[in-house]
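Okay, so here's the structure we're looking at.
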Amino acid sequence: MELMVVVVMVAVLATLAVYGVRKYVFAAKSSEFNWVIQDIKAAQESFRLETHRYLKVQDDINSGLYPNDPPNANKKLWGGGSGPLADNWKILNLSFPEPVQFGYACTAGGAGEAVPQPGTAATLPWPSPVEPWYVVKGVGDLDEDGKKAVYVSSSFNSQVYIENEGE
């Protein structure tokens, strides 16, 4: 009887440990967006200092992600690939030491141009732009269950909109 109690206790502890480790692994994977977005923002600001505008990496923020499209649990190296989307990202001169798991999209515009909604469940309250702007989006499906985590940030403020964090 004592042996069965010990086995049950070990099973419960193992279950809690697996849950806890999985939670931290997903949190670590979700943090990728934070460090990538900071580099994208810095690159966009540098581009604006030189050109007085932000780089419009792509016309539609809701079509085409780089470098991981469609986003899945596989990591891809930043800077690979060819074509207009890859070439535009190369203009920002971004490089990351490790492969990334999210796919990224970025669009930009000038004063008075409409700011697109990033295809999230919520409609984001963009201001009417009076100067150049950009919006960047990261999409990931870390556990490959079809439900995607979406992270959105912009030049309007430092806030990050998060939908389905940890997915």
Discussion item. Which order do the peptides 95-102, 150-157 come out in when sorted by mean C-beta neighbours inside 10 angstrom, highest first?
Written reply: 150-157, 95-102
Worksheet, complete the sentence: Residues VAL139, VAL36 in order from fewest to most other beta-carbon atoms within 10 Å are VAL36, VAL139
Response to the item:
For segment 31-163, averaging the sequence separation of alpha carbon pairs under 8 Å that lie six or more residues apart and dividing by its residue count, the contact order in percent is 25 percent
Item to complete: Kindly express, to the nearest 10 degrees and within the range 0 to 90, the angle between helix 32-51's C-alpha long axis and the longest C-alpha principal axis of the chain.
Response: 10 degrees
Practice prompt. Using only the Cα atoms of the chain, each taken as one equal point scatterer with no solvent, compute I(q) by the Debye sum, divide by I(0), and report log10 of the ratio at q = 0.17, 0.18 Å⁻¹.
Written response: -1.01, -1.12
Worksheet item: Short version: ³J(HN,Hα) in whole Hz for each residue of segment 159-165, in order, from phi by Karplus 6.51 cos²θ - 1.76 cosθ + 1.60 (θ = phi - 60°), x for Gly and Pro, what are they?
Response: 6, 10, 7, 10, 10, 6, 4
Practice prompt. Evaluate the distance, in nm, between pseudo-label points positioned 7 Å from the Cα of ASN88 and of GLU131 along their respective Cα→Cβ axes.
Written response: 2.3 nm
Discussion item. How much length would be gained if the chain were fully extended between LEU16 and ASN62, taking 0.36 nm per residue of separation minus their Cα-Cα distance, in nm to one decimal?
Written reply: 12.7 nm
Worksheet item: Of the peptides 103-111, 60-68, how do they stack up when ordered by the mean number of other Cβ atoms within 10 Å, highest first?
Response: 103-111, 60-68
Discussion item. Can you compute the FRET efficiency between ALA114 and ASP69 using 1/(1 + (r/R0)^6), with r the Cβ-Cβ distance and R0 = 30 Å? Round to the nearest 0.05.
Written reply: 0.75
Worksheet item: What residue among ALA149, ALA122, GLY83 has its Cα farthest toward the positive end of the dipole of the chain, where the charges are +1 on Lys, Arg and -1 on Asp, Glu, each on the Cβ?
Response: GLY83
Fill in: In nm, spacing of pseudo-spin labels at GLU98 and GLU50 (7 Å Cα→C-beta vector)
2.8 nm
Worksheet item: Spin-label point model (7 Å from Cα, Cβ direction): what's the ALA121 to TYR161 distance in nm?
Response: 1.3 nm
Worksheet item: Whole-Hz Karplus ³J(HN,Hα) for segment 105-115, in order, using 6.51 cos²θ - 1.76 cosθ + 1.60 and θ = phi - 60°, x for Gly and Pro?
Response: 9, 8, 10, 8, x, x, 4, x, 7, 5, 8
Discussion item. Per residue of segment 88-96, what does 6.51 cos²θ - 1.76 cosθ + 1.60 with θ = phi - 60° give for ³J(HN,Hα)? Whole Hz please, x for Gly and Pro, Karplus curve as stated.
Written reply: 5, 5, 5, 4, 6, 6, 8, 8, 10
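Taken together, the values in this text are just the output of simple stated rules run on the coordinates, not laboratory data. Predicted model only: the values in this text are computed from it and were never measured. Note that each Cβ is placed from the backbone with ideal geometry, even for glycine, and that neighbours are counted across all protein chains shown.
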